[in-house]
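Reviewing the structure listed below.
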């Protein structure tokens with residue numbers, strides 16, 4: 001049986017010290033302020049599947065919530081690849097609750113055009129249409145989503161980016177800023193907190209979780225019980241995306 005308790009106990013203190021140092025650096029250098037200080041905004045995260053929110057975006061979500069911004073989430077599928085869609089919807093709501101996102105701020109799309117699966121092609125026009133309706137409803141000031149590599153290269157992630165890029169190129173999003181989550185090479189992706197110094201110094205918009213935030217994100221991922229198999233237990237320890245997000249503005 002995979003002994004995650006032993007790994008966590010061995011890594012807890014060195015991880016916490018480095019994490020705290022980088023967290024303090026980012027907070028005081030204000031490199032993560034793509035939202036102007038003092039302006040409370042509505043920020044919409046657009047994801048493809050339940051668990052994307054905590055596996056990839058939790059440092060940004062938790063940082064914005066700590067600064068009292070309104071965080072919204074739209075998930076474009078219920079993750080029905082293995083026929084567990086109804087279970088995964090409940091897990092998504094539980095995960096969002098642990099992160100601190102209000103249930104009324106979560107939209108789970110059930111649309112035949114967005115079937116979960118790497119072989120399923122999602123229409124960029126359909127994505128743009130769906131996301132625009134949510135942007136207008138929540139009066140989003142900023143949108144955060146995947147970049148053109150989708151972090152993992154998953155076709156659904158990439159389609160979400162392409163759909164929002166198409167939407168962003170039109171007049172409907174003239175007053176909305178769009179930011180994409182930077183995809184890194186596989187070495188940096190699994191460097192865990194060792195990637196923090198590079199990310200915090202060289203990236204324009206950086207969000208680093210505090211040690212308590214990391215525990216929140218781990219608990220949020222554990223809420224996705226149907227997906228919390230051994231390799232995802234390793235993921236939450238070794239993936240940089242559980243500790244740091246670096247964003248780029250869509251131009």
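The values are calculated or read from the model by the stated rules, or taken from the named source; none is laboratory data. All figures in this text were calculated on a predicted structure; none of them were measured in a lab. With ideal geometry, Cβ positions are generated from the backbone for all residues, glycine too; neighbour counts draw on all protein chains shown.
Is it the case, given these coordinates, that residue 151 is within 17 Å of the chain's Cα centre (by Cα), surrounded by fewer than 23 Cβ atoms within 10 Å (Cβ to Cβ) and under 21 Å from residue 205 (Cα atoms)? Explain how you work it out, then say what you get.
Numbers: within 17 Å of the chain's Cα centre (by Cα): yes; surrounded by fewer than 23 Cβ atoms within 10 Å (Cβ to Cβ): yes; under 21 Å from residue 205 (Cα atoms): yes.
Spelling it out, residue 151 is indeed within 17 Å of the chain's Cα centre (by Cα), surrounded by fewer than 23 Cβ atoms within 10 Å (Cβ to Cβ) and under 21 Å from residue 205 (Cα atoms).
Just to be sure, is residue 130 buried (at least 16 other Cβ atoms within 10 Å of the Cβ), closer than 22 Å to residue 174 by Cβ and at pLDDT 95 or above?
Working: buried (at least 16 other Cβ atoms within 10 Å of the Cβ): yes; closer than 22 Å to residue 174 by Cβ: yes; at pLDDT 95 or above: yes.
Against the criterion (buried (at least 16 other Cβ atoms within 10 Å of the Cβ), closer than 22 Å to residue 174 by Cβ and at pLDDT 95 or above), residue 130 qualifies.
Taking the stated definitions as given, is residue 98 out of contact with any helix residue (DSSP H, G or I) (no Cβ under 9 Å at 6 or more places or on another chain) and on the phi < 0 side of the Ramachandran plot?
In short, no.
Suppose the filter is in contact with a strand residue (DSSP E or B) (Cβ under 8 Å, 6 or more places away or on another chain), modelled with pLDDT of 95 or more and closer than 26 Å to residue 93 by Cβ; does residue 151 pass it? Even if it seems obvious, please write down each step before you answer.
Values: in contact with a strand residue (DSSP E or B) (Cβ under 8 Å, 6 or more places away or on another chain): yes; modelled with pLDDT of 95 or more: yes; closer than 26 Å to residue 93 by Cβ: yes.
In short, yes.
Tell me the residue from 149, 157 that is touching a residue at least 24 places away in the same chain (Cβ under 8 Å) and assigned to a loop (DSSP other than H, G, I, E, B), please. Write out each step before concluding.
Details: 157 fails: assigned to a loop (DSSP other than H, G, I, E, B).
That would be 149, the only listed residue that is touching a residue at least 24 places away in the same chain (Cβ under 8 Å) and assigned to a loop (DSSP other than H, G, I, E, B).
Give just the number: which of (1) crowded, with 17+ Cβ neighbours inside 10 Å; (2) touching a residue at least 40 places away in the same chain (Cβ under 8 Å); (3) in contact with a helix residue (DSSP H, G or I) (Cβ under 9 Å, 6 or more places away or on another chain) does residue 172 not satisfy?
Just one mismatch for residue 172, condition (1).
Please verify whether residue 135 is crowded, with 18+ Cβ neighbours inside 10 Å, in contact with a strand residue (DSSP E or B) (Cβ under 9 Å, 6 or more places away or on another chain) and over 16 Å from residue 249 (Cα atoms), treating the condition exactly as stated.
Values: crowded, with 18+ Cβ neighbours inside 10 Å: yes; in contact with a strand residue (DSSP E or B) (Cβ under 9 Å, 6 or more places away or on another chain): yes; over 16 Å from residue 249 (Cα atoms): yes.
Taking the combined requirement at face value, the residue satisfies it.
Can you tell me which residue among 214, 229 is within 27 Å of residue 89 (Cβ to Cβ) and modelled with pLDDT under 90?
Working: 229 fails: modelled with pLDDT under 90.
Selected residue: 214, the only one of 214, 229 that is within 27 Å of residue 89 (Cβ to Cβ) and modelled with pLDDT under 90.
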